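One structure below.
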Amino acid sequence: MNIGLIAKRMDLYAQLLALILPFIIGCYYQETLYFFYAYFSVGGAQVLSAIANRCLLHRELRHETRGAYEWLLGIILVSAACCWWFRLEEPALGGLFILLILSPIMAIWYWFLCLSEEKKLHVLAHRKDWV
């Protein structure tokens, strides 16, 4: 099996675990705060995944919307850094409200983006003429 395909599958499983584990822990401890941690764990896993894929995934294997996702992610990260650096509380609260809605949409978008890249890698890994 191709190492790129294995890495992409590990990427998908890590994203799922980042979503599922806070819910399991929250149910076990009966603490609703753990459900909120899923936002941070999924976001963190996907930011790390996006950086790794940006550096390691060949351009021809990338999904056509990966560039748009990376631009949106960059805008969000720069905006958050500016709010933190300049200690802007009101824009930060508005931004957090937007992220409350935007984060699940971006997570689903990124999941399907990675899934389509995994399918492309799977097809290429099973072709006889691909090296």
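The values are calculated or read from the model by the stated rules, or taken from the named source; none is laboratory data. As the structure is a prediction and not an experimental result, all values here were calculated from the model. Every residue, glycine among them, receives a Cβ derived from its backbone with ideal geometry; neighbour counts consider all protein chains shown.
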Requested in this report: Go through (1) closer than 16 Å to ILE6 by Cα; (2) modelled with pLDDT under 90; (3) within 17 Å of the chain's Cα centre (by Cα); (4) not small (Gly, Ala, Ser) and name the single condition LEU100 misses.
Outcome: (1)
Report summary line: Checked GLU118, GLU70, GLU64, GLU60 against criteria (surrounded by fewer than 11 Cβ atoms within 10 Å (Cβ to Cβ) and either in a helix (DSSP H, G or I) or hydroxyl-bearing (Ser, Thr, Tyr) (or both)); the one match is GLU60
Report task. Would you check which residues across region 76-112 are of a type in the set (Phe, Trp, Tyr) and part of a loop (DSSP other than H, G, I, E, B) and list them? Result -> PHE86
Requested in this report: Could you check how many residues of region 1-47 are among the polar types (S, T, N, Q) and either touching a Ser or Thr at 6+ places or on another chain (Cβ under 9 Å) or not in a helix (DSSP H, G or I) (or both)?
Outcome: 4
